[in-house]
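Here the structure is laid out as structure tokens; the discussion comes afterwards.
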Amino acid sequence: MNQQSRTTGFVSGSLIIMFGVLALIEILIDLDAWIGVALLTIGSIGIYFIYARDRNQKWQLVITYVMLAIAGLVTLLELGVL
């Protein structure tokens, strides 16, 4: 197994686990929106550091920016700006 497929599997698996845990917590308890924002931000920063190690995988930047945009929009909604 080469390094690129291993990294791709790690990123995909960690995203699925993160969103699954977030959805499970949301179902079981009333989760505050700020916790979701924090998880999205931490996840996107983690994916960016994986990109920083191997700059050939530019698709990871798309995931990073989308997660940060969603976190930013939720933040603006919670603050009452939007």
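Read-outs throughout are calculated quantities, based only on the coordinates presented, and are distinct from any laboratory measurement. These figures come from a predicted structure and were not determined experimentally. Note that each Cβ is placed from the backbone with ideal geometry, even for glycine, and that neighbours are counted across all protein chains shown.
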Checklist outcome for this item: Per DSSP, the loop-located trypsin sites (Lys or Arg not before Pro) within the chain having at most 12 other beta carbons within 10 Å are Arg55, Lys58
Checklist outcome for this item: Expected unfolding gain across Val81-Lys58 under the 0.36 nm per residue rule, minus the alpha-carbon gap, is 5.1 nm
Checklist entry - So how far apart, in nm, are the two label points at Thr41 and Ile70 if each is 7 Å from Cα heading toward Cβ? => result 1.7 nm
Checklist outcome for this item: One quarter of the C-alpha convex hull surface, i.e. the mean projected area of the chain in nm², amounts to 5.9 nm²
